[in-house]
Amino acid sequence: MVHPHRNYNFSAGPATLPLSVLQKAQEQLLSYGETGASVMEISHRSQTFLDILDSARTRLRSLLAIPKNYQILFLQGGARLQFSMIPMNLLESSDELADYVITGSWSQKAHQEALKEATPNVVWDGATHDYDRLPQWDQLAFNPSSRYAYIVSNETIQGVQYQSCPSTAPLPLVCDASSDLLYRPLHLEQYGLLYACAQKNLGPAGVTVVIIRDDLLERSPDRLPGYLNYRLHAEQNSLYNTPPTFAIYLLDLVCQSIQETHGNLDSLHQLNQEKADLLYQILDDHPDFYTGHAQSDSRSLMNVTFQVPSENLLDRFVQEATEAGLANLKGHRSVGGVRASIYNAMPLDGVKALAEFMIDFKNRNA
Ligand SMILES: *Cc1c(COP(=O)(O)O)cnc(C)c1O
């Protein structure tokens, strides 16, 4: 263990952060640079904070190769507020259409919120398969008069994830990437709007990153409350009101640590693939004991979900894992079983330790 009191934390979110980030934040907590104050204690309009904001944006732009015609906004309200802000901003009236692809709990919830703003069209719903797979993309029929198409790139609760970015052209693709942004490189040009709350892969809870193409900003109706208007946030450099300064500072540190540790998202993607393969190999090798929730071609590299043979064994799995320093493995109540969240910040050694535990647990209980 790198720290006597830190375990390997498989929490789905808020989730584990890189140790180096926490250490740096600790070092700088009482006085940031020459300021003589914490980042928490300085004005969001001070040059010191403006530099942090700029650094966070520049690092995201560089890591994700975000083209110039996209704005990066730092908002509050979590991913949930985006469920409403998206239809409020991208639909000019409630008669306009939007297409939703429902692959799990988070797309289901986004669709429910969108129903309050308009009449979104469900293009596909994986409920009949218990959300264990993604759709056959070429068989989906999007409505050409829809104003956008909505997907969730990684369903955090079920553990299903698109491995490549589907195209919905000419409809602008809107994507909730809350639990997988920065896990691999993306082709940003394929998206109209891409967003993520921070507390899975980017930093602590409290800030949500919205990456939006310039032309979509034109749609935001003036009648919207100020805070809910994307265009206003873009015009005001995400300083329309006081932004979550400390969360943005930590997000910047997370991006810096990715740049320093991995260089780019290609090498981070390889590592994430290697981590996920270790666990999925065990599910494939021992299907009589471990049953994966996701179909093989829809498996998530971020959230590995599986069942053990009984509720009794599940309780023991979770308890014995906790005693072995492998924490927060209990699955979401709606799916049950085990969920191992292995985001960017989960080290390979943590996944290896879990893999060993799984083999040992099976040998003792099969
Ligand atoms: C966690 C999560 C959300 C909800 O985020 P909040 O910040 O709690 O609103 C939405 N979508 C996905 C894919 C998530 O993983």
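The values are calculated or read from the model by the stated rules, or taken from the named source; none is laboratory data. Being a predicted model, the structure only gives us computed values, none of them experimental. With ideal geometry, Cβ positions are generated from the backbone for all residues, glycine too; neighbour counts draw on all protein chains shown.
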* Structure fact -> The condition from (1) more than 10 Å from the ligand (Cβ to nearest atom); (2) crowded, with 24+ Cβ neighbours inside 10 Å that Glu155 misses is numbered (1)
* To do: Filter region 143-152 for residues that are more than 16 Å from the ligand (Cβ to nearest atom) and of a type in the set (Phe, Trp, Tyr) and give the result.
  => Tyr148
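A quick yes/no check of all residues on (1) under 24 Å from Ile52 (Cβ atoms); (2) within 16 Å of the ligand (Cβ to nearest atom); (3) basic (Lys, Arg):
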{"position": "His187", "(1), (2), (3)": "no, no, no"}
{"position": "Pro204", "(1), (2), (3)": "yes, yes, no"}
{"position": "Arg219", "(1), (2), (3)": "no, no, yes"}
{"position": "Asp222", "(1), (2), (3)": "no, no, no"}
{"position": "Thr245", "(1), (2), (3)": "yes, no, no"}
{"position": "Ile248", "(1), (2), (3)": "yes, yes, no"}
* Asked: When region 1-58 is examined, which residues are found to be within 30 Å of Thr305 (Cβ to Cβ) and outside any loop (DSSP other than H, G, I, E, B)?
  -> Tyr8, Asn9, Leu19, Ser20, Val21, Leu22
* To do: Give the number of residues within region 89-113 that are touching a helix residue (DSSP H, G or I) at 6+ places or on another chain (Cβ under 6 Å) and surrounded by fewer than 21 Cβ atoms within 10 Å (Cβ to Cβ).
  => 1
* Asked: Does at least one position in region 230-250 carry a residue that is surrounded by 17 or more Cβ atoms within 10 Å (Cβ to Cβ), part of a helix (DSSP H, G or I) and of a type in the set (S, T, N, Q)?
  -> yes
* Say whether the condition of being surrounded by fewer than 21 Cβ atoms within 10 Å (Cβ to Cβ), among the charged types (D, E, K, R), free of Cβ contacts under 8 Å to residues at least 40 places away in the same chain and not assigned by TED's automatic domain parsing to the domain that holds Pro135 is met by at least one residue in region 315-329. => yes
* Scan region 74-87 and give yes if some residue there is away from the ligand (no atom under 16 Å from the Cβ) and surrounded by 21 or more Cβ atoms within 10 Å (Cβ to Cβ), otherwise no. => no
* Structure fact -> Residue count, region 124-145, condition modelled with pLDDT of 95 or more and either buried (at least 21 other Cβ atoms within 10 Å of the Cβ) or among the charged types (D, E, K, R) (or both), comes to 7
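To keep it simple, each residue is scored yes or no on (1) among the acidic types (Asp, Glu); (2) free of Cβ contacts under 8 Å to residues at least 60 places away in the same chain; (3) within 22 Å of Ser238 (Cα to Cα).
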position: Leu53; (1), (2), (3): no, no, yes
position: Arg59; (1), (2), (3): no, no, yes
position: Leu73; (1), (2), (3): no, no, yes
position: Glu92; (1), (2), (3): yes, no, no
position: Asp95; (1), (2), (3): yes, yes, no
* Asked: Which pairs do you get when a residue that is more than 24 Å from Asp130 (Cα to Cα), found in region 156-184, comes within reach of a residue that is within 16 Å of the ligand (Cβ to nearest atom) and small (Gly, Ala, Ser), reach meaning Cβ atoms under 6 angstrom, with the pair 6+ apart or on two chains?
  -> Leu181/Ala196
* Structure fact -> Residue hits (region 95-122; under 27 Å from Gly336 (Cα atoms) and away from the ligand (no atom under 16 Å from the Cβ)) are Val122
* To do: Answer yes if at least one residue in region 174-188 is surrounded by fewer than 24 Cβ atoms within 10 Å (Cβ to Cβ) and within 17 Å of Asn121 (Cβ to Cβ), and no otherwise.
  => no
* Inspect all residues belonging to region 202-211 and state whether any of them is buried (at least 23 other Cβ atoms within 10 Å of the Cβ), touching a Leu at 6+ places or on another chain (Cβ under 6 Å) and at positive phi. => yes
